[in-house]
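The values are calculated or read from the model by the stated rules, or taken from the named source; none is laboratory data. From a predicted model like this one, the values you see are computed outputs, not experimental measurements. All Cβ positions, even for glycine, are placed from backbone atoms using ideal geometry, and neighbour counts span all protein chains on display. When the accessible area is computed, the model is the full protein with side chains, heavy atoms only, and any ligands, DNA or RNA have been set aside. Shrake-Rupley method; radii C 1.70, N 1.55, O 1.52, S 1.80 Å.
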Amino acid sequence: MSFRRIADAPSNKTALVRVDFNVPMADGAVSDDTRLRAALPTIQALTAKGCKVALLAHFDRPKGKRVPGMSLQPLAAPLSALLGAPVAFADDCIGEPAASAIAALAPGGVVLLENTRFHAGEEKNDPDLVKALAQLGDFYVNDAFSAAHRAHASTEGLAHALPAYAGKAMEAELDALDAALGNPRRPVLGIVGGSKVSTKIDLLKNLVTKLDKLAIGGAMANTFLHAQGWEVGASYCEKDLADTAREIMRLAGKHKCELLLPIDTIVAEKLDARAPAFVRGLGDIDDDERILDAGPETIARLTKAMDESNTLIWNGPLGVFETPPFDHGTVAAARHAAARAKNGKLIAVAGGGDTVAALNHAGVGGDMTFVSTAGGAFLEWMEGKPLPGVEALRG
């Protein structure tokens with residue numbers, strides 16, 4: 001897709017930069033600085049241009065009120081340590097406190113502005129708040145893809161009030177997603193797992209119109225097996241969505257997308273690492289058995305499909321990976337995909353909370369072509385929905 005990039009942003013100006021600093025905290029301190037680190041390339045690119053950088057972010061859900069425990073102030077010191085340069089703090093994101101803090105910066109200086117959600121107008125995309133924010137800077141940079149599905153004042157409104165550019169993290173995300181779904185190298189294989197069809201109906205309906213093959217795993221595959229007439233024993237299954245599953249299967253056929261459903265399974269009578277586990281073919285599952293992982297034949301067919309594909313997009317695990325040995329299918333598939341990606345034979349893009357955790361569990365999170373941590377925004381992109389914060393950056 002075409003969008004305005006930070007390389008085209010002006011020099012020696014004031015940049016209002018939307019970042020995602022909704023970080024985990026413990027006892028008033030940052031417990032995971034991943035999101036702070038993700039913002040460093042954009043901040044450094046702008047300060048290298050001699051720009052003043054004013055950072056905009058939300059934290060938690062203060063619902064338009066000033067909540068001391070939801071202040072961004074505790075983030076200034078750890079961000080400064082990561083940057084190796086001072087980071088000032090302003091106790092508001094608009095008005096005199098913000099303006100004074102920005103004015104006090106030397107060229108290349110950085111200030112973190114207070115939680116945007118302390119203002120009720122943030123989530124309402126209020127024009128008055130947008131105007132107040134826009135008065136603080138010369139141009140706008142959005143580096144928070146994870147918040148791009150929200151049409152808020154600091155994620156969408158500002159992009160229309162000032163010249164707007166994508167930050168480095170946003171660039172990487174958009175380029176990766178374009179490579180996976182927008183203009184991919186074919187054939188394209190998708191993997192969608194997880195527990196519920198009900199939460200991924202739009203996702204599945206969109207993907208079967210775009211992919212060459214789609215593998216469905218996890219407990220949601222049970223719903224498809226049930227829709228085909230197979231018994232799934234005591235497995236989790238949304239039987240009331242059988243008609244929806246059949247509709248998705250018909251849609252896949254119409255668009256010539258081959259659906260890869262499980263052909264064998266790993267079952268146990270209970271979800272327990274010590275419970276006896278067995279390989280079961282379809283039609284061989286007892287009434288008291290639960291499907292907890294993909295079987296060896298299913299994984300072999302999936303890895304073969306990877307070998308025959310140039311692009312992979314993955315969301316959701318293939319089994320209950322949190323409880324070994326029911327992690328085997330997910331781990332085997334993840335390691336195969338990562339090996340091909342590392343060797344340049346596969347563009348492998350993955351995202352979604354459980355997916356990130358599963359890839360890290362398999363020890364290959366760093367070997368995929370791109371792993372998105374954007375959660376809801378990543379899923380909405382896969383569903384084919386326009387993201388307000390992205391649409392505003394189109395060039």
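Things to note:
- Filter result for residue 75 (touching a strand residue (DSSP E or B) at 6+ places or on another chain (Cβ under 9 Å) and open to solvent by less than 20 Å² (accessible area, probe 1.4 Å)): yes
- Scanning the range 198-230 for residues that are part of a loop (DSSP other than H, G, I, E, B) and closer than 20 Å to residue 326 by Cβ returns 217, 218, 219, 230.
- Set side by side, the residues 126, 175 differ, and just one is more than 19 Å from residue 76 (Cβ to Cβ), at pLDDT 95 or above, open to solvent by 30 Å² or more (accessible area, probe 1.4 Å) and not hydrophobic (A, V, I, L, M, F, W, C), which is 126.
- If you go through the range 134-166 and keep only what is of a type in the set (S, T, N, Q), open to solvent by 10 Å² or more (accessible area, probe 1.4 Å) and more than 25 Å from residue 370 (Cα to Cα), you end up with just 135.
- The requirement of being open to solvent by less than 30 Å² (accessible area, probe 1.4 Å), touching a residue at least 40 places away in the same chain (Cβ under 8 Å), assigned to a helix (DSSP H, G or I) and touching a strand residue (DSSP E or B) at 6+ places or on another chain (Cβ under 6 Å) is not satisfied by residue 189.
- Cβ-Cβ contacts under 8 Å between residues 6 or more apart (or on different chains), taken from a first residue in the range 330-351 that is within 13 Å of residue 312 (Cβ to Cβ) to a second residue that is β-branched (Val, Ile, Thr) and open to solvent by 50 Å² or more (accessible area, probe 1.4 Å), are listed as 341/369; 346/369; 347/369; 348/369; 349/369; 351/373.
- Exclusive hit being open to solvent by 10 Å² or more (accessible area, probe 1.4 Å) and of a type in the set (Gly, Ala, Ser), set 169, 245: 169
- Residue list for the range 100-111, filter: without any contact (Cβ under 8 Å) to a residue 60 or more places away in the chain and either within 12 Å of residue 16 (Cβ to Cβ) or among the charged types (D, E, K, R) (or both): 111
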